[in-house]
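Accompanying notes for the structure given below.
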2 protein chains.
Amino acid sequence: MADDANLALDRQLCFAIYSAAHAFNRTYKPLLDPYGLTYPQYLVLLSLWQDDGKTVKALGEALHLDSGTLSPLLKRLEASGYIERTRDRADERQVLITLTPKGREMKGEAHGILMQIGKAAGCTADDLHQLGASLQALADRLRARQTPDTA
Amino acid sequence: MADDANLALDRQLCFAIYSAAHAFNRTYKPLLDPYGLTYPQYLVLLSLWQDDGKTVKALGEALHLDSGTLSPLLKRLEASGYIERTRDRADERQVLITLTPKGREMKGEAHGILMQIGKAAGCTADDLHQLGASLQALADRLRARQTPDTA
DNA sequence: CCAAAATAGATTGCGCGCAATATAATTTTG
DNA sequence: CAAAATTATATTGCGCGCAATCTATTTTGG
């Protein structure tokens, strides 16, 4: 019956995203281990390289993560010397996240890491861009159903 | 320079997969909560519906998970009544995972869940299938670099 | 047949990811 | 201007996900 076909599709897509995310994680791990970084921590650095000096909240919005995840993660990133956490003088509730020199230097290493990933992914930059765009669009649609902003 | 463009691509794709996986997770959560299931537990059921009576090892290969993840997860699935864990008489090292009646009945509920997801994803079954295939291919290429099976 | 190697699962420790809650600072209201 | 509501971050608890280690059971080889 059609139900079984639908279930197969469900399994295929859900599992594809789930396992692609894990495959990425596992591919990055050996590349990031030498720097004492995890994949989510690397994403934080990617975000800061683009735009340094964010608040925790802004970082959370950029990465779709909440303070329960970010607070301890950022403490570890500070402990390993990549970022600094400073209370905003003007609004003491906020914590500003800024790159240290070590954090900025790491950006230079990222290029080599990227090359490795590109090789491992084994397709053209265009293919990757296309896939990324499809995924982002899908994720955006899923998120739109969760938080009906336009009330 | 080109490096910055490459970094942007890196950020886009890595982040797209990472955040799409989380978006899926968050979309499934409210649908699975009423059944006391988590997303990885649901994936185990999907796999068993297709092929009941696997060993832990076979399940791990199907889902790309190891015993460190599966052992406690399967114990929870047993505790909530969806599966049974029985030692294989012929080889006492192995544990066979089989669906309980409750586990088999849950397959009927999956159809409704799937409909919800389809609606939330907001695209045709064909689109989803296409995207799933691209992702699976990418994940396979990434995994191929990690474990050079063909030694 | 028995010791060594291999195999299947389980356990431990650590880092997310998220819900729920707590705390502290700021803003809004009465 | 003080109490209440809001906002930003931190903490706690639980379930993965994975490396490393451990135990128990085959399987192999001498």
- Note on the structure: With the 1.4 Å probe rolled over protein heavy atoms, segment B:27-137 has an accessible area per residue in Å² of 52 Å²
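How many partner chain Cβ atoms sit within 10 Å of a residue's Cβ in peptide B:88-98, on average, as a whole number?
Details: counts 0, 0, 0, 0, 0, 0, 0, 0, 0, 0, 0.
That works out to 0 on average.
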- Note on the structure: Sorted by chain and number, the residues with a modelled amide H under 5 Å from that of residue A:96, at a separation of 5 or more or across chains, are A:86, A:87, A:88
- With a 1.4 Å probe and every protein chain left in place, tell me how much accessible area residue A:35 has, in Å² to the nearest 10. 70 Å²
- Report Rg (one decimal) and Dmax (nearest whole number) for segment A:59-151, counting Cα atoms only, units Å. 17.6, 48
- Message: Rounded to whole angstrom, how close does the nearest chain B beta-carbon get to the axis mapping B onto A, and which residue is it?
- Response: B:21, 2
- residue A:75/residue A:104 FRET efficiency (R0 22 Å; Cβ-Cβ; nearest 0.05): 0.65
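Using a 1.4 angstrom probe on heavy atoms only, work out the carbon and sulfur share of the accessible area of the protein assembly as shown in %.
Working: 8160 of 15520 Å².
Taking all protein chains in place, the protein assembly as shown shows 53 percent carbon and sulfur surface.
For peptide A:121-129, what's the mean number of Cβ atoms from other chains within 10 Å of each residue's Cβ? Show your work: numbers first, answer last.
Details: counts 7, 7, 4, 0, 4, 1, 4, 7, 5.
Across A:121-129, the average partner-chain Cβ count within 10 Å equals 4.
The values are calculated or read from the model by the stated rules, or taken from the named source; none is laboratory data. Just so we're clear, the structure is a prediction, and the values are computed from it rather than from any experiment. Glycine gets a Cβ as well: all are built from the backbone with ideal geometry, and neighbour counts include every protein chain shown. We work out accessible area using only protein heavy atoms, side chains counted, and drop any ligands, DNA or RNA first. Shrake-Rupley method; radii C 1.70, N 1.55, O 1.52, S 1.80 Å.
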